[in-house]
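Undergrad: Here it is, the structure in full.
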Amino acid sequence: MAIQRMDNVLIVVEDLDAVIAFFVELGMELEGRGPVEGRWVERVIGVDDVRQEVAMLRTPDGHGKVELAMFSRPKAISSEPRDAPANTLGIRRIMFAVDDVEDTIARLRRHGAELVGELEPYEDIFRLCYVRGPEGIIVGLAEQLR
């Protein structure tokens, strides 16, 4: 048996409202939000006495999802520098295809986003960049040129 699909990517955050607003501005849709706690989640994630609020966002095509979790108990911990460079081990970014990369950057800047490097062409196929948003989250943006 093979993998059926990738369901979602989880990002643990401190300010759930700010990160939701960032991803909604990017074009994702809030699918649901609510508390998650209890013995079942403690057994799944291997952490005792858990209380968290979770939000699920989906891409407009309905195939990609980002899950956000804000822990009120126990408090979330940082495993790396907040603004870690692109060569830091672990998941560094999530890439999204966008219609207009310059417009997307401008809209995300209203939510505190900054370019990590520069907006650059890849051959004559894409225009690509990395944007660092709230809480150091990095998203890649790719505008297809042809």
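Undergrad: Go through the stretch 33-146 and tell me which strands (runs of 3 or more DSSP E), entirely inside it, have 2 or more residues that are closer than 24 Å to ARG5 by Cβ and either in contact with a strand residue (DSSP E or B) (Cβ under 9 Å, 6 or more places away or on another chain) or not assigned by TED's automatic domain parsing to the domain that holds ASP15 (or both).
TA: 51-58, 65-73, 94-98, 138-144
Undergrad: Scan the stretch 1-32 for residues that are in a loop (DSSP other than H, G, I, E, B) and among the small types (Gly, Ala, Ser) and jot them down.
TA: If the condition is that a residue be in a loop (DSSP other than H, G, I, E, B) and among the small types (Gly, Ala, Ser), then ALA2, GLY27 are the ones that fit.
So that you can scan it fast, the table gives a plain yes or no per residue for (1) under 21 Å from GLY136 (Cα atoms); (2) more than 11 Å from the chain's Cα centre (by Cα):
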{"site": "GLU53", "(1), (2)": "yes, yes"}
{"site": "LEU57", "(1), (2)": "yes, no"}
{"site": "ASP61", "(1), (2)": "no, yes"}
{"site": "ASP83", "(1), (2)": "yes, yes"}
{"site": "ALA97", "(1), (2)": "yes, yes"}
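Each row is one residue, and each column tells you yes or no for (1) touching a helix residue (DSSP H, G or I) at 6+ places or on another chain (Cβ under 9 Å); (2) of a type in the set (Gly, Ala, Ser).
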| position | (1), (2) |
| --- | --- |
| ARG58 | no, no |
| GLY62 | no, yes |
| ILE77 | no, no |
| PRO85 | no, no |
| MET95 | no, no |
| ILE105 | no, no |
| HIS111 | yes, no |
| LEU115 | yes, no |
| GLU118 | no, no |
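Undergrad: Can you tell me which of VAL139, VAL66 is touching a residue at least 12 places away in the same chain (Cβ under 8 Å), under 23 Å from LEU30 (Cα atoms) and in contact with a Ser or Thr (Cβ under 9 Å, 6 or more places away or on another chain)?
TA: VAL66
Undergrad: Give the stretch 29-60 a look and list any residue that's buried (at least 16 other Cβ atoms within 10 Å of the Cβ), over 17 Å from MET70 (Cβ atoms) and not basic (Lys, Arg), or say none.
TA: THR59
Undergrad: Report, by residue number, each residue of the stretch 17-32 that is free of Cβ contacts under 8 Å to residues at least 40 places away in the same chain and out of contact with any strand residue (DSSP E or B) (no Cβ under 8 Å at 6 or more places or on another chain).
TA: ASP17
Undergrad: If I ask for residues that are over 22 Å from PRO81 (Cα atoms) and either buried (at least 17 other Cβ atoms within 10 Å of the Cβ) or in contact (Cβ under 8 Å) with a residue 40 or more places away in the chain (or both), which ones from the stretch 110-124 would you list?
TA: Result: ARG110, single match.
Undergrad: Then there's this: From ARG107, ARG93, ARG127, ARG132, grab the single residue that is touching a residue at least 40 places away in the same chain (Cβ under 8 Å) and more than 24 Å from VAL12 (Cβ to Cβ).
TA: Exactly one residue qualifies, and that residue is ARG107.
The values are calculated or read from the model by the stated rules, or taken from the named source; none is laboratory data. Keep in mind it's a predicted model, so treat the numbers as computed, not measured. Because the Cβ atoms are built from the backbone with ideal geometry, glycine has one as well, and the counts that use them run over all protein chains shown.
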